[in-house]
Structures are given as structure tokens and as C-alpha cells.
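The values are calculated or read from the model by the stated rules, or taken from the named source; none is laboratory data. Fair warning: this is a prediction, and the values are worked out from it, not measured in the lab. Here Cβ is always computed from backbone atoms with ideal geometry, including for glycine, and neighbour counts include all displayed protein chains.
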Amino acid sequence: MRGIHIVRLFGIDISIDPTWLIILFLLVWSLGAGFFPTLYEGWPVAEYWVVAVVAALLLFGSVLVHELAHSLVARRHGTPVGGITLFLFGGVSRIEREADAPGREAVMAVAGPATSAVLGLFFLGLGQLVAGPQTVHALLMYLGVINLVLATFNLLPGFPLDGGRLLRAALWKLRGDMLWATRGATYGGIAVGLGLVALGFVLLLGGDFLGGLWIGFIGWILVQSARSSYDQAVAQHALSRVRAARIMERPKGYLPPDATLRGAVEDYFLELDARCLPVGAEDHVEGLVCLSDLRRRDRGDWGREEVREVMVARDDVAQVDAKASAADALQLMMSRDVNQVAVVENGRVLGFIDRGRLLRYVYLSRGRERGDGEEGASRDAERTSRDTDRGVDKAA
Ligand SMILES: [Zn+2]
């Protein structure tokens, strides 16, 4: 999930997903037309709306601070952070690797809710101290309460919420088995999600149509993300145990740099049934060309343009060391937003790995472990292909 880039804070890119604008609109509307007029009477109409807009923006600011806390703690522990995206339900930090020890996982997880709790108490305290107009007081009280709600909700013991990550860290510590712990915390996520769906129904039956629908929807999303986060954790685990060199594909041939694009397609890509080919010779690779690069060129020029004009130069190709893990290869693909990486050893290109190859490996290794049916495993592989976003934090 990348969204529209808005700003860079502490070296971390902050983006917003288009769905965020929908929720901002709904939030302003419900605060300006419902919440503030019900609690505080007698303000001029315009004032309700101004306070509603400021409150909504500061709520998202609070979510952002929560996510920044996760990201900064992760980075302090040497885990790369791809950025933060604000979306429909709050925020998500793209922390590009699962924690490698339960203690670290716990610290990373607790950083967000702890920050929200401190923010909440800060706003409530400020609300007591400031002797300004009622609007300012109302705004501060709202932000105080909503940050405490944010902290509490995210501490529910359901993976991938922060509380679920804490549960996983505890189980992990208990048995030393990360996958077993993830499974336990995932059951927690499904249970919490179903609980929220049930609560939504109760509210709905009690006449709170909007509130019931909202809580039920969040519960359902939590059930779904518990399952897909589990699959991602399993995939990550499988990929971290195999070296890049073991699952790479050796080049099926080498493209001459002066071949035309038409010649490259007819004599090499089709002939060798390849999707990407290195340019040059085995001991002197100059670059890489993939079919997707050719598709971007005007077909009318295929007879004239040469391979060297469209290739990605060797130094620009994303590359991992042969001894690195397949998980490192995936992480590099995600952070560079590319579909393949070169596997190199002592400056020589040994082969290539693309996303499809990683998915097939995960699929086969899962099938081996569990004797899975084909349908289940390919569903898992599909989920794994999505960004392995870390936490999903939700703001009600
Ligand atoms: Zn969080």
C-alpha cells in the first residue's frame, strides 16, 4: 500500500491512500453534524464545522504519531522502514521485516499504544489547564479521549493489532517457536474480530445503525487481516531459511547488446521461453532486459531499436549476494519496487529471482510442510504476493 506521498518526516515517507479522504469526509461530517452539536449547545453553526475539521485532522495526526513511534523504534533496532500510509482505518507502517526476537517484537508493538496513551493524557491534562473558549476545551477533550480509545483498541489481543503482536511475543518467548506463536495470536485476531462483528450486530439490533455497521465492519476486516498476516508470516519464515542462490534461475541465454528488439524476442525470448535475459556474456554481463521492458516500447520501432538502448544497466539492476536469504531478495524487490533481482557472487551475475519464483517456492514449501490441497496453497501464495505490510492499526 503506497498511496499519495505527502511529506517526509525523520527520513520516513508519509503517504495517504485515497480511501483516507472518504473517511476524513465522513469523520468531519459526523463530528460537525452530530458529535459536537449534541455535546455542546449554542455555538454558531460555522464553529461546529471548524472544530470538526480541526479535530479530524488532529485525530489523523495522532494516528500518524502512533505509527511514527512504531517505525522509529523499528529503525532503532535496525529494521528498515519503507514508509507510513494513512488509509481507511487509520495507519499502517511498512516495516519490511518481521522482528527476529520476541523482546524486540514486544518493544516495537508497545511503542504505538504507549505513545497514544501519553498523547491522550497530555490532551486531557491540557484541556483541564487551558482556560480558553469552550471550543478549545471541547477539542482537547475529544483528542484526549480518542487517543486513549486508540491505545485501548490497538491493545486488543488479536494479531495483527499491536496487542496481538504482544501476545505473539509472549507465546514466542514461552516456547521459542515463532510460527506456533503466530498461529496462537492469529486465533486471537479471529476471535477478537468475530467478537466485534457480534457486538456490531447487538448495536444494530439496539437501533445504533451506523455504530453497529462500523464496529462490525472493523471486526470483519480484522478477521481477514489476521488470516493474511499469518500467511505472510509463514511465507517470510520459509523464505528466510533458504539462500537466494538456491532458488534463483540460471540465465537461459545471453542477449547480444546490438541485437534488435525484434531479433531479441524472436530468437531469444520465445526460443528460450524466458521472461528476463542478461545482456552480454557469462563473464561480462552488461545489463538486464525483461519482456516488460520491451512491451513499454513502440512496437513499430522493434526492428530498429537495439537491446543496449532498452536494457537496465548492470549497476542499476537490484542485486543480492548469493549467500543472502530469499527473504532479503523479497525485501529488496519491495523497497526498490521491482519484480526481479540479480543474484551475484564476487561481482559475477549467477542468476535471477523474480516474484513468481518466490511465490512458487513458498507454495511448494508449504505444501511439503502441511500436505496442503492445491487450492489452499495457491490462495496463500496469492496473499503472499501482496505487500507484506506490518501492523494494521485501526482508528474507530
Ligand atoms: Zn500500532
Exercise for review: Go through (1) modelled with pLDDT under 85; (2) part of a helix (DSSP H, G or I); (3) more than 12 Å from the ligand (Cβ to nearest atom); (4) surrounded by 20 or more Cβ atoms within 10 Å (Cβ to Cβ) one by one and return the number of the condition residue 82 breaks.
Suggested key: (2)
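Among the candidates 262, 275, 241, single out the residue that is among the basic types (Lys, Arg) and exposed (fewer than 15 other Cβ atoms within 10 Å of the Cβ).
Only one candidate passes the filter, namely 241.
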**Study point:** Check on residue 138, out of contact with any Asp or Glu (no Cβ under 9 Å at 6 or more places or on another chain), within 16 Å of the ligand (Cβ to nearest atom), not in a loop (DSSP other than H, G, I, E, B) and not basic (Lys, Arg)
**Key:** no
Exercise for review: Name the one entry in 144, 132 that is in the same structural domain as residue 109 (by TED's automatic domain parsing), away from the ligand (no atom under 14 Å from the Cβ) and modelled with pLDDT of 90 or more.
Suggested key: 144
Practice item. Identify all residues within region 207-219 that are within 16 Å of residue 164 (Cβ to Cβ) and either without any contact (Cβ under 8 Å) to a residue 60 or more places away in the chain or not assigned by TED's automatic domain parsing to the domain that holds residue 189 (or both); write none if there are none. Key: 219
Practice item. May I ask you to verify whether residue 326 is farther than 21 Å from residue 292 by Cβ, away from the ligand (no atom under 16 Å from the Cβ), modelled with pLDDT under 75 and aliphatic (A, V, I, L, M)? Key: no
Exercise for review: Please indicate, with yes or no, whether at least one residue in region 312-320 is closer than 26 Å to residue 82 by Cβ and modelled with pLDDT under 75.
Suggested key: no
Review point. Do we find that residue 49 is assigned to a loop (DSSP other than H, G, I, E, B) and either in contact with a Pro (Cβ under 7 Å, 6 or more places away or on another chain) or more than 25 Å from residue 151 (Cβ to Cβ) (or both) in this structure?
Key: no
Practice item. Being out of contact with any Leu (no Cβ under 7 Å at 6 or more places or on another chain) and under 9 Å from residue 112 (Cα atoms) is the filter; apply it to region 56-70 and report the residue that is surrounded by the most Cβ atoms within 10 Å (Cβ to Cβ). Key: 67
Exercise for review: Sort out which residues of region 292-301 are surrounded by fewer than 17 Cβ atoms within 10 Å (Cβ to Cβ) and in contact (Cβ under 8 Å) with a residue 24 or more places away in the chain, and write them in order of number.
Suggested key: 292, 297, 301
Review point. Given 204, 222, 174, 196, which one is free of Cβ contacts under 8 Å to residues at least 24 places away in the same chain and more than 29 Å from residue 325 (Cα to Cα)?
Key: 204
Check your understanding: Name the pairs whose Cβ atoms lie under 7 Å apart, with the first residue in region 34-51 and free of Cβ contacts under 8 Å to residues at least 12 places away in the same chain, the second assigned to a helix (DSSP H, G or I) and not aliphatic (A, V, I, L, M), and 6 or more positions between them or separate chains?
Key -> 37/48
Exercise for review: Within region 15-46, count every residue that is surrounded by 17 or more Cβ atoms within 10 Å (Cβ to Cβ) and of a type outside the set (Gly, Ala, Ser).
Suggested key: 11
